[in-house]
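To start, the structure under review is shown below, and the notes come after it.
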Amino acid sequence: MNCIYQGHCVFPEVVDEGCVAEDRGALKVVASRLRAGWRFLAAAALVAAASYFAGAQPLFSLVLWLVSLLSVILREPSPPRLPETQAEPVQAGEAALPQMEAVLGALDLPVVVIDGDANMLAQNKAAEKAFGSLSPGLHISTRWRSPGILDMIRETIETGEPNQIEHSERLPSERVYIVRSTQVENLANARPRLFLLSFRDVSELRRLDRMRSDFVANASHELRTPLASLRGFIETLQGPARGDPKAQERFLAIMLDQATRMSRLVDDLLSLSRLELKAHIAPDQKVDLVPVLGHVRDSLAPLATDLGVDIRLHLPEGKVEVLGDRDELVQVFENLIENGCKYGQEGKVVDVYLRHGEGVPVEVSVVDHGPGIPVEHVPRLTERFYRVSVADSRSKKGTGLGLAIVKHILTRHRARLIVRSEMGKGTDFTVRF
Ligand code: ADP
């Protein structure tokens, strides 16, 4: 017999019939062919005997039977047929791979295909984008050394059960993945066995979780400080300062200040949560920015006068309309101009420019001539409770939420906030619609 699966003999049955046959002696081969052709030989013997009894030459009958015998021994064997149920798994693993690659290629989830020895066989485009090109045939540990991932894969290969773990990568950027290993179920008997490793990127979810818990912690902290101070003064008024009208007056003034701070904070928190609720609804009123800016300047005039700052408006003739929500736009410019007055107080002037024109976006720039903002702080200014100097912000009655509110409103208005600042020269907050 010929060895048809040399080097790839997978099934014991095939090995018995084919591959090992080469090592058998010629006698064994002859014996096996005689076994296979015994019916034909018996028939030939009957024909020979019949011809002898019918009067033929004994030599003729003998030659007839010998020819039949030789034809059985020398016949070319037909290749052994693989049992159909077993032929399928041999091909399943390998044959399924290109098809699987095509399907996985359409997924935006990074997926790597590995075999039962944890060698990488293929990766989809999303995996190539996330982890670079992986070399097929190499063990998975050449790319992922994390003991967590390797143990998980080992367990899935051993048990066939899916597993998942959380895994973070530091390079090229900090990312958190839920990595899942699973056996390709309907190819469970395939050779090679195929397993999928999928990587669900949860970095954004984790970031939002962290932001939310930071926010709750910050909000509680911001409220606790004035509350603690109020409590302290109440105790002092009940105790040591009970009969001291001067101290009482002073303490009550501070208490009013703290209570006002708390109510500002609660107002800002409510503003933020209201904005979050309607974040996906784009405003559709036509708002003329010229009267809006005039109104904001007038409402901030007392504060500007107290701080010794002059708010100068540079407005074009006529209307400058944008789609928006008037009250929210008032809130945006109030925050920006108030910040300009508070933090740029030493520049004495806050300039407000309204620009528009054919084919150019409408822009409002609030420019102060104060100390400026160090460049490393600029990208974080719109984070909730982020302040360049907490003490400075508190002394200026800030909550650390003003620019976060501005950002929320502008996002809803499909507008951008551009911050340019130069130390010693001042800061320019531009809203581009
Ligand atoms: P706050 O309530 O503290 O004013 P904001 O969110 O409005 O909070 O501003 C965040 C921080 O950004 C401020 O605490 C301040 O440090 C800085 N900042 C904002 N506007 C200016 C400005 N025009 N000049 C300098 N620093 C500013």
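The table below gives the values:
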| read-out | value |
| --- | --- |
| Residue (of PRO192, LEU265, ALA391) at the positive-pole extreme of the chain, dipole from beta-carbon charges | ALA391 |
| Inter-site label distance for ASP209 and VAL360 at 7 Å from Cα along Cβ, in nm | 4.8 |
| Most mobile listed residue (PRO226, PRO371, PRO245) in the chain, GNM with C-alpha springs under 10 Å | PRO245 |
| Mean residue ellipticity (222 nm) of the chain, computed from DSSP H runs ≥ 4 via -39,500 (n - 2.57), nearest 500 | -16500 deg cm²/dmol |
| Cα gyration tensor, the stretch 286-432 - rounded (a/c under 1.5), prolate or oblate | prolate |
| Share antiparallel - DSSP beta bridges, the chain, percent rounded to 5 | 90 |
| Shape of the chain, Cα gyration tensor, a/c cut at 1.5 | prolate |
| Candidates ALA279, ALA130, ALA49, ranked by Gaussian network fluctuation over the chain, Cα under 10 Å, top entry | ALA49 |
| Cut-off 13 Å between beta-carbons: net charge of the residues surrounding PRO147, Lys and Arg +1, Asp and Glu -1 | 0 |
| Count of Lys pairs (Cα-Cα under 13 Å; at least 8 positions apart or interchain) in the chain | 4 |
| Hz values of 3J(HN,Hα) by residue in the stretch 321-337 - Karplus curve (6.51, -1.76, 1.60), Gly and Pro given as x | 9, 9, 7, x, 10, 4, 4, 5, 5, 4, 4, 4, 6, 5, 4, 5, 6 |
| Under the Karplus curve 6.51 cos²θ - 1.76 cosθ + 1.60, θ = phi - 60°, whole-Hz ³J(HN,Hα) for the stretch 349-354, x wherever Gly or Pro sits | 10, 10, 9, 10, 10, 10 |
| Neighbourhood charge, 15 Å Cβ-Cβ cut-off, centred on VAL378 and excluding it, Lys, Arg +1 and Asp, Glu -1 | +1 |
| Most fluctuating residue given options ARG387, ARG39, ARG224, as computed from a GNM of the chain linking Cα atoms under 10 Å | ARG39 |
| Share antiparallel - DSSP beta bridges, the stretch 300-407, percent rounded to 5 | 60 |
| Nearest-ten-degree value, helix 203-238 long axis tilted from longest Cα axis of the chain | 30 |
| Ordering of 52-63, 156-167 by packing [mean C-beta count within 10 Å, highest first] | 156-167, 52-63 |
| Cβ-Cβ FRET estimate between ARG326 and LYS125, R0 fixed at 35 Å, reported to 0.05 | 0.15 |
| Student exercise, the chain dipole from Lys, Arg, Asp, Glu Cβ charges, in Debye to nearest 20 | 320 |
| Gain on full stretching of the segment that runs from ARG170 to ALA106 - 0.36 nm per residue minus C-alpha separation | 20.4 nm |
| 3J(HN,Hα) from dihedral phi, the stretch 381-397, Karplus parametrisation 6.51/-1.76/1.60, rounded to Hz, x for glycine, proline | 4, 8, 6, 4, 6, 7, 9, 5, 9, 4, 4, 4, 4, 5, 5, 9, 6 |
| Computed lengthening from THR159 to MET423, 0.36 nm per intervening residue step minus Cα-Cα distance | 88.8 nm |
| Environment charge of GLY160, counting only residues whose C-beta is closer than 13 Å and scoring Lys/Arg +1, Asp/Glu -1 | -2 |
| Gyration tensor (alpha-carbon) shape descriptor, the stretch 93-201, a/c threshold 1.5 | oblate |
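Any read-out appearing in this document is the output of simple, stated calculations on the displayed coordinates, not a laboratory observation. Quantities reported herein were computed from a predicted structural model and do not represent experimental measurements. Note that each Cβ is placed from the backbone with ideal geometry, even for glycine, and that neighbours are counted across all protein chains shown.
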